[in-house]
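First comes the structure, then the notes that go with it.
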Amino acid sequence: MTLGSIGGSIGERSIGDNDKPWPSAAAMLAGLPASSRLASLEETGLLDTPSLESLDRVVRIGSAAVHACVSLVSLVDDHRQFFTSQLGLPEPWASARETPLSHSFCQYVVVSEIPLVVSDARVHPVLKDNLAIRDLHVVAYAGMPIRAASGEVLGSFCAIDDKPKIWSERELMILQDLASIVSAEIELRRRARRAERSEAELAATNARLENEQEASWALSRRIGHDLRAPLSVIRLGVSSLLTHEAARTLPELERLLVMLDRNARHAASLLAAIDASEQKGAGERVEVSTVLRDTCADFSGQNAGVSLTVDCPESELIVEASPSDMRRCIENLVSNAQRFAWKRIVVRAKRHGNVVAIAVEDDGPGLPDDAAYERAWETSRRFHVNEGKSGSGLGLSIVREIVERCGGRVEAKSSPLGGACFGFSLPAAC
């Protein structure tokens, strides 16, 4: 129908066509895809809430502009219409702010999704038995759809008179514009409610993550506490053995004891980091070549037939980091290389401008392409699984986490040796 037509139509059928009985609006409402429309209606947060001054202002303007005794913002759910704002309704409807659908013209606007304009409902073939005529004194009616941003019609912005009225084109255009304003206001409120819910959900998630992090740290501290005593006994025993005459007369035993002592001290530094919450990656000036050589010395001879070479200048390479973190990074990279190398591993360290770069290369199978090297740093990413060489997939991701926490960057590529090259760079200490 056009806005100015009298009697109107819903869909393609005339509401006043006596030859084609019109089904009840309740039955038509039941046939709508209710789930999305009712969900959009619920999302507005306007049902069963106090009226809004912004919408009260619109109904006052509407009544004055078209000289109607009643103006409504009516939202229609599956069994009633609720008046978010109203002006001019008689009691008890003004206080109740709702009616059953037996008293609703607005339900037809929702069903048809187009305006409904009626000059005299008392003689209208479909509306003449509607109880709104008897109880709310509805005679003339002009209702415009209130739409959600997604397109569903949530209700009607309407003007009502208690006597017959020919609605002018100008009046109908005013009501259409006011309905658009109401729709926009409701959409703003819906978005604000959604933002508030998202903010609340985010706050709840943050609180949960903080609790989980604290529980994790508490567990780490308990484990550290429980390990400290046996570790102290191990360190004391190793120190005693190093001073024993047997260590001086058996070089191989002495070498193993030195390695054991170094690893025991490294374990103690990790426990100290847990206690002091040093997992922020900062810290002290670390001489890279010392950490590099000590760490690689512990891997020497572990993989028969594979040589491990350290290429590191004698001059100082200094970075600011946790020594235990530096050692963990090197250990993970060398351990990864040992898993895949055929005969050779080379560990290099050098300064490039303002950064110190460390790289571990091998002559193993490598990875198929650049994309694979990029993915290798992802948590639980594993390669060569079918060959029985793959690890847990955590080592490289731990390296990346530590390096990025220290302000550095990781790099992975093919090695001139024929295999893979995994490395990282950290800002050089001044």
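Residue by residue, here is whether (1) under 18 Å from Arg97 (Cβ atoms); (2) assigned to a helix (DSSP H, G or I); (3) in contact (Cβ under 8 Å) with a residue 60 or more places away in the chain; (4) in contact with a helix residue (DSSP H, G or I) (Cβ under 6 Å, 6 or more places away or on another chain) holds:
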position: Arg37; (1), (2), (3), (4): no, yes, yes, no
position: Leu41; (1), (2), (3), (4): yes, yes, yes, no
position: Pro50; (1), (2), (3), (4): yes, no, no, no
position: Ser54; (1), (2), (3), (4): yes, yes, yes, yes
position: Val58; (1), (2), (3), (4): yes, yes, yes, yes
position: Ile61; (1), (2), (3), (4): no, yes, yes, no
position: Ala65; (1), (2), (3), (4): no, yes, yes, yes
position: Val73; (1), (2), (3), (4): yes, no, yes, yes
position: Gln81; (1), (2), (3), (4): yes, no, yes, yes
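If you check Ala179, Ala148 for being closer than 20 Å to Leu46 by Cβ, surrounded by 19 or more Cβ atoms within 10 Å (Cβ to Cβ) and out of contact with any Phe, Trp or Tyr (no Cβ under 9 Å at 6 or more places or on another chain), only one passes: Ala148. Counting the residues of the stretch 338-358 that are modelled with pLDDT of 90 or more and either under 12 Å from Gly419 (Cβ atoms) or of a type in the set (Asp, Glu) (or both) gives 6.
Of the strands (runs of 3 or more DSSP E) entirely within the stretch 86-200, those holding at least 2 residues that are of a type in the set (A, V, I, L, M) occupy 116-118, 140-147, 153-161.
Pairing each residue of the stretch 373-396 that is over 17 Å from Val334 (Cβ atoms) with any residue that is exposed (fewer than 12 other Cβ atoms within 10 Å of the Cβ) and modelled with pLDDT under 60, provided the two are 6+ apart or on different chains, yields C-beta distances under 9 Å for Ser380/Ser392; Arg382/Ser392. Which ones in the stretch 299-328 are surrounded by fewer than 18 Cβ atoms within 10 Å (Cβ to Cβ) and either of a type in the set (Gly, Ala, Ser) or closer than 14 Å to Met259 by Cα (or both)? Answer for the stretch 299-328, where residues must be surrounded by fewer than 18 Cβ atoms within 10 Å (Cβ to Cβ) and either of a type in the set (Gly, Ala, Ser) or closer than 14 Å to Met259 by Cα (or both): Ser300, Gly301, Gln302, Ala304, Gly305, Ser307, Ser315. The residue that is surrounded by the most Cβ atoms within 10 Å (Cβ to Cβ), among those in the stretch 340-369 that are aliphatic (A, V, I, L, M) and outside any strand (DSSP E or B), is Ala341.
Is one or more of the residues making up the stretch 336-351 of a type in the set (Phe, Trp, Tyr) and more than 25 Å from Arg405 (Cβ to Cβ)?
Restricting attention to the stretch 336-351, the residues satisfying the condition of being of a type in the set (Phe, Trp, Tyr) are 340, 342.
Within this subset, residues satisfying the condition of being more than 25 Å from Arg405 (Cβ to Cβ) are 340, 342.
Yes, the stretch 336-351 contains a residue that is of a type in the set (Phe, Trp, Tyr) and more than 25 Å from Arg405 (Cβ to Cβ).
Here Arg57 does not qualify as buried (at least 18 other Cβ atoms within 10 Å of the Cβ) and among the basic types (Lys, Arg).
Filtered by the rule that a residue be buried (at least 23 other Cβ atoms within 10 Å of the Cβ) and farther than 14 Å from Asp177 by Cα, the stretch 61-70 gives Ala68, Val70. With respect to Glu331, determine if the residue is at pLDDT below 90, among the charged types (D, E, K, R), surrounded by fewer than 20 Cβ atoms within 10 Å (Cβ to Cβ) and outside any helix (DSSP H, G or I). In short, no.
Across the stretch 276-322, the qualifying residues are those that are in a loop (DSSP other than H, G, I, E, B) and closer than 17 Å to Lys343 by Cα, and the one among them that is modelled with the highest pLDDT is Val306. Scan the stretch 395-430 for residues that are loosely packed, with under 15 Cβ neighbours inside 10 Å and assigned to a helix (DSSP H, G or I) and the total you get is 1.
Taken over the stretch 98-124, the criterion of being under 39 Å from the mean Cα position of the chain (by Cα), surrounded by fewer than 23 Cβ atoms within 10 Å (Cβ to Cβ) and within 21 Å of Thr49 (Cβ to Cβ) is satisfied by Glu98 alone.
The values are calculated or read from the model by the stated rules, or taken from the named source; none is laboratory data. Since this is a predicted model, take the numbers as computed values, not measurements. Ideal geometry is used to build each Cβ from the backbone, glycine not excepted, and the neighbour counts take in all protein chains shown.
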